[in-house]
1. So what is the 222 nm mean residue ellipticity for the chain from helices alone, if each DSSP H run of at least 4 adds -39500 (n - 2.57) and you divide by all residues, rounding to the nearest 500 deg cm²/dmol?
2. Treating only the Cβ of Lys, Arg, Asp and Glu as charged (+1, +1, -1, -1), what charge dipole size does the chain show about its Cα centre? Round to the nearest 20 debye.
3. For the peptides 94-105, 49-60, what is the packing order when you average, over each peptide's residues, the other Cβ atoms within 10 Å and list the highest mean first?
4. If D270, D19, D74 are ordered by their accessible area, calculated over protein heavy atoms with a 1.4 Å probe, which sequence runs from highest to lowest?
5. What's the carbon and sulfur percent of the chain's accessible surface, probe 1.4 angstrom, rounded to a whole number?
6. Could you report the stretch 66-133's accessible area per residue, 1.4 Å probe, as an integer in Å²?
7. Report, to two decimal places, the Cα Rg of the stretch 186-317 normalised by 2.2 N^0.38 Å (N = number of residues).
8. Given the options G184, T129, C160, identify the residue whose Cα lies farthest towards the positive end of the charge dipole of the stretch 116-198 (+1 on Cβ of Lys, Arg; -1 on Cβ of Asp, Glu).
Amino acid sequence: MRGPFAAFNGHEQVLYGADDESGLRCIIAIHSTALGPALGGTRMLPYESEEDALEDVLRLSEAMTYKAAVAGIDTGGGKAVIIGDPETDKTEALLRAYGRMIGSLGGRYTTACDVGTYPDDIATILRETPHAVGAPPEEHGSGDSGVSTALGTYEGLRACAEERWGDPRLGGKHVAVQGVGKVGHRLVHHLAEEGARVSVADVDEDRAARCAEETRAEVVAPDKIHAVDCDIFSPNALGEVVTDRTIGELSCEIVAGAANNQLSRADLADELRAAGILYAPDYVINAGGLIQVADELRPGGYQEPRARRRVARIGDRLREVFALSRQEDVSTEEAAHRVAGRRIHAISRLTTLRLPGRD
Ligand code: NAI
């Protein structure tokens, strides 16, 4: 599609919401509901412009469609952004106005946490709409999704090791972890328990030092971590880590981590492949959080053992992607898109054997 709406290409619905009283300015993007009503987190950031916010939400909501499709979840792709500083602009009134905005979509979009939003914020949103997941356990939610994302990423790293070295064990391997926040620090603990050698970096120096002390990891400067000579580079901070500049500085055999949108351009996946570096598509390896919060939507509500079992299968999902990449001679990123597209195509075209009351 060309013209003024080109950026919306492929999206089902995009809602711009504002409430002057509370200062709310948000964008909710629903990319696809082919597999079910959309589910995806709310990111709150002081974006420099509404264009930046729009670009971010459109990219993130599209990725949610593929993430759910590959993970085998029956949710569609959606995401939302609130334009504002989470430290200073987030108030009860703003979150409740935002809850009403979500409610206006009648369940076509369910929200969860993302950068700048926390389980307690979800509890506030739930006072206005039932369409939010990831509240604290005391509020009947499944809590911090970073636990499941870290576990899934760890399982993913083992699948990568198996693909690259024929053995999933990470003991003795050197892993460079960028970002030790909710996901990264838990991942470092999993790695340390298995006997991996770990280097960590975080722009928050205290956080990096704390994590290193707990796990006997070595601390590296944030601007050097991607270039550490290691077996696996694991991005767990923000996106756009593999760029035209950094790709030549990588000194690893695998790039695999939880950060969303790791490649600044999709075709950098081809360049990684040409350089002999195995890349785990971010939305495949980081699906643990989505699997956890999507479980809250199942009849009877959240069941941790069921969610954990599904998270542990992220390794199998990656093996499927790697096999297709070999068979069809394409990058792992393209292979993941093909796995997602084929499932969406197959399931959304099921039109027979309907029962009354099910549309
Ligand atoms: P977080 O905000 O708790 O942690 C991110 C950490 O990265 C912070 O400690 C921050 O100081 C650090 N950081 C920021 N820029 C950095 C840089 N340039 N170099 C080194 N460190 C830097 O976020 P969380 O929840 O741990 O998420 C990490 C990544 O994983 C994000 O990209 C997020 O979108 C993604 N993700 C998280 C999920 C979850 O369940 N929490 C689910 C799926 C993806």
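The values are calculated or read from the model by the stated rules, or taken from the named source; none is laboratory data. Everything numeric in this text was worked out from a predicted model, so none of it was measured. Note: ideal-geometry Cβ built from the backbone for every residue, glycine included; neighbour counts use all protein chains shown. Just the protein is used for accessible areas: all its heavy atoms, side chains included, with ligands, DNA and RNA removed. Shrake-Rupley method; radii C 1.70, N 1.55, O 1.52, S 1.80 Å.
1. Here the helix-only value at 222 nm equals -12000 deg cm²/dmol.
2. So the dipole magnitude of the chain works out to roughly 1660 debye.
3. Listed from highest to lowest mean packing, they are 94-105, 49-60.
4. My answer, sorted largest first, is D74, D270, D19.
5. Roughly 48 percent, rounded to a whole number.
6. 36
7. In units of the globular-protein estimate, the stretch 186-317 measures up at 1.15.
8. Of the candidates, C160 comes out farthest on the positive side.
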